[in-house]
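J.: Dumping the structure here so I can ask a few things about it.
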Amino acid sequence: AQRLELERDRKIAIAEYAPGCQVIAGGYLWTSHALKVLRGRHWERFYYAVCSQCGRFHKDIGEVLGSPCKACGVPLGKHRGGLVGRYVIPEFGFLSGREAPRTPGESRPRRTYASRVFFADYEKPPPPFVSEGKKGSSVALQTRYSRQGLLAVINGGRRGRGFLLCENCGAGEPAPTSGKGWKKGPHRSPWATECRGPLLHAHLGHEFQSDVLEIRLSH
C-alpha cells in the first residue's frame, strides 16, 4: 500500500472512494471502509435542498426544508422529486480497512453510487447580463460569463439514502434502502477494533470553482 498513489480530486473521490466502493490498484482489489478523521476536528456539514420546480441548489448550515426557493418561490422539499438532505465534506480523505486486499476476479469493482453536479452560486457577484442577437427579434437572448461560479457535487449513496458514518472512527457504510431501522451498537473501526461511536446519517459533498456561462431566453 505504501507504494501506491491513489490521490484523486475530491469531486471524483466522493464517488470512487465512498464507503463500500472498490478500486483496483497495484494488482489488488481495495475496498473503502471509512472517512479519515483527525483528532479535535470535524467534517464540515451542511443541509441542502434542490428545488423540484426549477432545479436551484440551496445549502445552509441549518435546516432548509420548507423554506422558499430563492429562484421560483416553491417550498423546498414539499413537492415530489425535490432532493433534500445533509452532506459532509470528507476533507481529510478516505481509508481502507486493515484486512488484506484481494486479488481481483472477473467481475467489475463495486461502485454503485453516482454523484450529481449542481450549480450552487457565485464566489463573487457576477457581471451584468449582456443582450445578444438582432434588434427586433421575437426571442431576446441575454448572457453572462464568470470564472467565479461555484458547483456542488453530491453523492447520495444507494438510491439516495446516504451513508452511516461514525463520528469517532470514521467507519462508514451505505444506509439501508429498505426497513425503518439502521444498524445500532458496536461496529468495526478502520483499525479492526470495536467502536461504539455515534453514527451520523449524511450524504457526501464537495464544492469547487469553475467557469459558468448563464443564458436567459425571453420565452
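J.: At a 1.4 Å probe radius, which order do 72, 195 fall into by accessible area, largest first?
T.: Most to least solvent-accessible, the answer reads 72, 195.
J.: Related question: With the other protein chains left in place, how much accessible area per residue, in square angstrom, belongs to the chain at a 1.4 angstrom probe?
T.: Here the per-residue accessible area is 63 Å².
J.: Give the long-range amide H neighbours of residue 56: residues separated by 5 or more places, or on another chain, with amide H under 5 Å away, using H modelled in the peptide plane at 1.01 Å from N.
T.: 51
J.: If you plug each phi of the stretch 200-209 into the Karplus form 6.51 cos²θ - 1.76 cosθ + 1.60 with θ = phi - 60°, what whole-Hz ³J(HN,Hα) values come out, in order, with x for Gly and Pro?
T.: After applying 6.51 cos²θ - 1.76 cosθ + 1.60, I find 9, 8, 7, 8, 10, x, 7, 10, 8, 8 Hz.
J.: Something else about it: May I ask which of 70/135; 36/124; 70/124 have a Cα-Cα span longer than 25 Å here?
T.: Cα-Cα > 25 Å for 70/135; 36/124; rest within.
J.: Tell me the relative contact order for the chain as a rounded percent, counting alpha carbon contacts under 8 Å between residues six or more apart.
T.: 23
J.: Sticking with this structure for a sec: Under the rule of at least 5 residues apart or a separate chain, name every residue whose amide H is placed under 5 Å from the amide H of residue 203.
T.: 86, 87, 88, 163
J.: Another question, then. List the residues whose amide H sits under 5 Å from the amide H of residue 67, counting only those 5 or more places along or on another chain, with H placed 1.01 Å from N in the peptide plane.
T.: 76
J.: Tell me whether the chain comes out rounded, prolate or oblate; compute the Cα gyration tensor, take square roots of the eigenvalues as a ≥ b ≥ c, and use a/c under 1.5 as the rounded threshold.
T.: It is prolate, given that a/c is not under 1.5 and a/b is the larger ratio.
J.: What's the longest piece of the chain with no exposed chymotrypsin sites (Phe, Trp or Tyr not before Pro), counting a site as exposed if DSSP puts it in a loop and it has at most 15 other beta carbons within 10 Å?
T.: 1-91
J.: Also, quick follow-up: Using just the helices of the chain, give the 222 nm mean residue ellipticity in deg cm²/dmol: DSSP H runs with n ≥ 4 each add -39,500 (n - 2.57), and the total is spread over all residues, rounded to 500.
T.: Mean residue ellipticity at 222 nm (helix-derived): -1000 deg cm²/dmol.
J.: Under 14 Å from the Cβ of residue 213, count the other residues' Cβ atoms, weight Lys and Arg +1, Asp and Glu -1, and hand me the total.
T.: Charge balance in the 14 Å sphere: 0.
J.: Measuring from centroid to centroid over Cα atoms, what is the spacing of the stretch 1-43 and the stretch 142-210 in Å?
T.: Computed from Cα coordinates, the inter-centre distance equals 13 Å.
J.: What order do 153, 74 take when sorted by accessible area (1.4 Å probe), most exposed first?
T.: From most accessible down to least: 74, 153.
The values are calculated or read from the model by the stated rules, or taken from the named source; none is laboratory data. Owing to the predicted nature of the structure, the values given are computational and were not obtained by experimental measurement. Please note: Cβ atoms are built from the backbone with ideal geometry, for glycine as well, and neighbour counts cover all protein chains shown. To get the accessible areas, we keep the full protein, side chains included, count just its heavy atoms, and leave off ligands, DNA and RNA. Shrake-Rupley method; radii C 1.70, N 1.55, O 1.52, S 1.80 Å.
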